[in-house]
Amino acid sequence: MTAESAAALLGTSPAILTLWEKRFGYPVPEHTNDGQRLYADDAMMALREALSRELSISAAISRARTI
């Protein structure tokens, strides 16, 4: 899914997804030939579920990595 779609699913912005990627190493997008970030649907769903249960982004990311 695109960065815009992933951000909408998570209730954040594409810039925040990039920040999380740089700070925490997750989520890890693939890149199209023109440099657009594409996130795996299952990774975004896991992160969404984890964010709904956790208090901090670092805890949610740790949980999403194991789902």
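Scanning the stretch 12-46 for residues that are of a type in the set (Lys, Arg) and out of contact with any helix residue (DSSP H, G or I) (no Cβ under 8 Å at 6 or more places or on another chain) gives 22, 23.
Taken over the stretch 1-32, the criterion of being hydroxyl-bearing (Ser, Thr, Tyr) and either in contact with a Leu (Cβ under 7 Å, 6 or more places away or on another chain) or under 18 Å from residue 57 (Cα atoms) (or both) is satisfied by 2, 12, 13, 18, 26, 32.
Output the residues belonging to the stretch 1-24 that are under 12 Å from residue 41 (Cα atoms) and among the polar types (S, T, N, Q). Result: 2, 5.
With respect to residue 58, determine if the residue is of a type in the set (S, T, N, Q) and modelled with pLDDT of 95 or more. For residue 58, the condition - of a type in the set (S, T, N, Q) and modelled with pLDDT of 95 or more - is not met. Apart from one condition, residue 26 fits all of (1) under 10 Å from the mean Cα position of the chain (by Cα); (2) part of a helix (DSSP H, G or I); the exception is (2).
The values are calculated or read from the model by the stated rules, or taken from the named source; none is laboratory data. Remember, it's a predicted structure, so these values are computed and weren't measured experimentally. Counting neighbours? That spans all protein chains shown, and the Cβs are built from the backbone with ideal geometry, glycine included.
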